[in-house]
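Working notes for the structure below.
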Amino acid sequence: MGTDQTTKLSQSFDTVHQQPFFKRRAGFVSVTFLMGVGNEEYLVSIDKGRVGELKKGPLLTPSYEFSVRASAETWDAFWAAKPAPGMNDILALLKKGLMKFEGNLHPLMSNLFFFKELLASPRYSKGN
């Protein structure tokens with residue numbers, strides 16, 4: 001995921017905020033988390049449901065509540081227009097051992113629908 005991909009990721013995060021069902025749930029989420037895509041890391045800061053900042057690593061001693069990590073291949077399969085069964089959900093990927101959650105998981109689990117939609121948003125920004 002290069003700079004072009006960082007821009008696409010940022011744009012897809014912005015696009016998801018236009019969905020009415022997302023807006024209703026988003027206002028309660030304020031957290032910073034780390035997203036690992038293969039060897040690349042992104043620090044995602046959310047304030048009242050809006051992604052305020054997306055920083056691409058390398059990051060020197062980043063501060064975050066939790067991290068969500070997977071290989072670049074796993075993210076590509078997850079973001080496919082029509083993901084294969086078991087590749088369409090972050091909890092399914094966790095169960096298969098293809099994704100890893102670390103840190104304080106309370107913000108993630110208490111706002112699970114928000115994060116499922118946010119992390120899947122690159123799938124929708126491809127015109128699907």
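Quick notes on this structure:
- Any hit, segment 93-106, residues being of a type in the set (S, T, N, Q) and over 22 Å from THR6 (Cβ atoms): yes
- Tally, over segment 21-50, of residues that are among the hydrophobic types (A, V, I, L, M, F, W, C) and in contact with a strand residue (DSSP E or B) (Cβ under 6 Å, 6 or more places away or on another chain): 8
- All conditions but one from (1) surrounded by fewer than 18 Cβ atoms within 10 Å (Cβ to Cβ); (2) closer than 14 Å to PHE114 by Cα apply to GLY49; the one that does not is (1).
- Filtered residue count, segment 64-99, keeping only those that are touching a Ser or Thr at 6+ places or on another chain (Cβ under 7 Å) and either small (Gly, Ala, Ser) or surrounded by 18 or more Cβ atoms within 10 Å (Cβ to Cβ) (or both): 4
- Considering GLY86, GLY49, GLY103, the condition of being modelled with pLDDT of 95 or more and on the phi > 0 side of the Ramachandran plot is satisfied by GLY103 alone.
The values are calculated or read from the model by the stated rules, or taken from the named source; none is laboratory data. What you see is a predicted model; the values in this text were computed from it and never measured. Don't worry about glycine lacking a Cβ; one is built from the backbone with ideal geometry, like all the others, and counts go over all protein chains shown.
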